[in-house]
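The values are calculated or read from the model by the stated rules, or taken from the named source; none is laboratory data. Computed from a prediction, not measured in an experiment: that's the story for all the values here. Here Cβ is always computed from backbone atoms with ideal geometry, including for glycine, and neighbour counts include all displayed protein chains.
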Amino acid sequence: MPLDTKHLEALQQQWKGKQRKDNIKYFMMGATGIFVFLLIWQLVVKSGLVNEKMLPAPTTILQTLLYKVNNKPPDGNVLLVNILASLQVALSGFFSAIIIGIPLGLFMGWWKYADRFIRPIFELIRPIPPIAWIPLVVVWMGIGLKAKALIIFFTAFVPCVINSYTGIKLTSQTLINVSKTFGAKNFEIFYKVGIPSALPMVFAGIRVALGNAWSTLVAAEMLAASAGLGYMIQLGRTVARPDIVIVGMVVIGAIGAVLSALLSSLEKYFLRWKSVR
Amino acid sequence: MAEINKDRPVKISVQNLTKRFGDLLVLDNMTFDIHENEFVCVVGPTGCGKTTFLNCLTRIYHPTEGDLLIDGTPADPAKHNISFVFQEPSALPWLTVEENIAYGLKIKKLPKDQIEQRVNQILDLMGLQTFRKSYPGELSVSAEQRIIIGRSFAMQPDLLLMDEPYGQMDVKVRFYLEDEVIRLWKELGSTIIFIIHNIEEAVYLAERIIILSNKPANIKEELIIDLPRPRNIADPKFIEYRNYITDKIKWW
């Protein structure tokens, strides 16, 4: 079949151009939405409808944020130190959950005996809320980085296991049979068919795990910390500085969004074969 | 029986093949030979056990009794080259077209240069060179089915099994792909068992047709189709064959 490649390329260029325009349009709409939200907030506070001591205006929060970049009071650390402390806790818990949880889930999903052996234990541990582990964790390992990372680990671990387990269970039997008739051994089929076909679900699990890890941060830093965004929020409450609390919240939100975007581009790369027909 | 097979050695020998699932007898003592480079179509009423029959041949199921010999030794996917084109689309969606075609060859651990050479040959034969770096999801369903057929032929299989691979396509695409299969079969000299519903297509493709009985499946009749190729579906002889087979699989 002869293909009119020139024509196709022209069409693709056209489509790309339209795509770019649409992207700019959607970005502008999103930015306008945020701006309008902040504007209403500012007006409500400045008009005196809400007590400014309770809810500071966005401009005040921006000031505090800029101030915190270079200044230590009231919590004793500049903002960057808090951010790094929190990232260290959250990411060490998150990555250990990935490293242990995903292989475990894949393993359980593929080998029936592993499933029968491990699943009951897992099902017992799964419903326990991560926060409930805190007292035990403190007894075991005190209040250092390891203790906090362990609590994060519990929240991130469960979605990693469940999604990898379900993902690999959903592997198409036809694709397994194809490999079998070619003479592939079970382990070869596991890594050539099982793992790639589980990947979309695994990534969905990682996404949930990342969200859990980052949002449990404040709870983990309640354990007693001397730095961290959760700690900053705690301290802001103690000294009755809602602007500090909100700065902490905003930074947590922003970093969460950045991490999520990083994960998205990683996912886009690994699942580049997944396109709609 | 078959005069056309005199000069061709026996490639596959099915002996007393029987398969039971519990009390349910699905395949009942089937015995037949297939010669090298033969194109055999298997037809039979719906639900007669055609797919079970194929699954026994590929060792996805193990036969209850009897055996399948390839070149005189019991069939073993690890040792023999068996290729299967399934009813459902079965390209691996995370591999590109060329990686899909190389998939079986890599499992068989062929040397790299040989894999490359065979993949190129198949891409040329099937006109897929332009799409070698595409993913199956980016192509049409019929193109995906062509990838799978290419993947099977790339194995240069001792036995190529096809289970209604065109079930979901319209008539035009079916005849187009069937001509493709005939071309590949002639070019590469494979031995093919093709399970098919459509009797017209069976007569169009086959050198020999095996007609199965209702469940439990047994061989009702074997029929040599000695029409010249390319076959003309309007030829009176063609229609005669078609009507004869239709009569044979009627169970009502």
Condition set facing another protein chain (nearest Cβ under 7 Å) and within 17 Å of the chain's Cα centre (by Cα), scope the range B:84-100, selection farthest from A:Ala184 (Cα to Cα): answer is B:Glu88
Restricting to the range B:52-83, count the residues that are at the interface with chain A (Cβ under 8 Å from one of its Cβ atoms), touching a residue at least 40 places away in the same chain (Cβ under 8 Å) and under 22 Å from B:Val26 (Cα atoms).
1
In the range B:126-141, the residues that are buried (at least 19 other Cβ atoms within 10 Å of the Cβ) and either at pLDDT below 85 or among the charged types (D, E, K, R) (or both)
B:Met126, B:Leu128
Sort through A:Val178, A:Val258 and tell me the only one that's among the β-branched types (Val, Ile, Thr) and under 26 Å from A:Ala147 (Cα atoms).
A:Val258
Just checking: which of the helices (runs of 4 or more DSSP H) contained wholly in the range A:50-139 hold 2 or more residues that are touching a Ser or Thr at 6+ places or on another chain (Cβ under 9 Å) and within 20 Å of A:Met222 (Cβ to Cβ)?
A:79-110
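Every residue, every condition in (1) of a type in the set (D, E, K, R); (2) modelled with pLDDT of 85 or more, yes or no:
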site: B:Glu3; (1), (2): yes, no
site: B:Lys6; (1), (2): yes, no
site: B:Thr18; (1), (2): no, yes
site: B:Cys41; (1), (2): no, yes
site: B:Lys50; (1), (2): yes, no
site: B:Thr58; (1), (2): no, no
site: B:Leu95; (1), (2): no, yes
site: B:Ile107; (1), (2): no, yes
site: B:Glu116; (1), (2): yes, yes
Might you check whether a residue that is crowded, with 19+ Cβ neighbours inside 10 Å and touching an Asp or Glu at 6+ places or on another chain (Cβ under 8 Å) occurs anywhere in the range A:237-246?
yes
Is it the case that the range A:63-74 has a residue that's hydrophobic (A, V, I, L, M, F, W, C) and in contact with a helix residue (DSSP H, G or I) (Cβ under 9 Å, 6 or more places away or on another chain)?
yes
Cβ-Cβ under 7 Å pairs, at least 6 apart or on other chains, the range A:185-202 side within 11 Å of chain B (Cβ to nearest Cβ), far side among the aromatic types (Phe, Trp, Tyr):
A:Pro196/B:Trp94; A:Leu199/A:Phe270
Just checking: which of the strands (runs of 3 or more DSSP E) contained wholly in the range B:3-121 hold 2 or more residues that are surrounded by fewer than 17 Cβ atoms within 10 Å (Cβ to Cβ)?
B:10-21, B:24-35, B:65-70
Across the range B:234-252, which residue is modelled with the highest pLDDT among those that are within 21 Å of the chain's Cα centre (by Cα) and among the aliphatic types (A, V, I, L, M)?
B:Ile245
Would you check which residues across the range A:167-184 are part of a loop (DSSP other than H, G, I, E, B) and either more than 9 Å from every other protein chain (Cβ to nearest Cβ) or closer than 19 Å to A:Phe107 by Cβ (or both) and list them?
A:Leu170, A:Thr171, A:Ala184
Are any residues in the range B:122-140 in a helix (DSSP H, G or I) and small (Gly, Ala, Ser), and if so, which ones?
B:Gly137
For the range B:36-75, the count of residues that are within 14 Å of B:Thr18 (Cα to Cα), acidic (Asp, Glu) and touching a Pro at 6+ places or on another chain (Cβ under 9 Å) equals 1
Residue pairs, Cβ under 8 Å, 6 or more apart or interchain, first in the range A:105-118 and at positive phi, second exposed (fewer than 15 other Cβ atoms within 10 Å of the Cβ) and among the β-branched types (Val, Ile, Thr). List them.
none
Any hit, the range B:157-173, residues being at positive phi and buried (at least 17 other Cβ atoms within 10 Å of the Cβ):
yes
Checklist (1) modelled with pLDDT under 85; (2) not assigned by TED's automatic domain parsing to the domain that holds B:Leu110 applied to B:Ile210, failing item
(1)
Just checking, how many residues over the range B:140-171 are farther than 23 Å from B:His35 by Cα and facing chain A (nearest Cβ under 8 Å)?
2
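Rundown of residues vs (1) at pLDDT 85 or above; (2) of a type outside the set (Lys, Arg); (3) exposed (fewer than 13 other Cβ atoms within 10 Å of the Cβ), yes/no style:
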{"site": "A:Pro2", "(1), (2), (3)": "no, yes, yes"}
{"site": "A:Lys6", "(1), (2), (3)": "no, no, yes"}
{"site": "A:Arg20", "(1), (2), (3)": "yes, no, yes"}
{"site": "A:Ile100", "(1), (2), (3)": "yes, yes, no"}
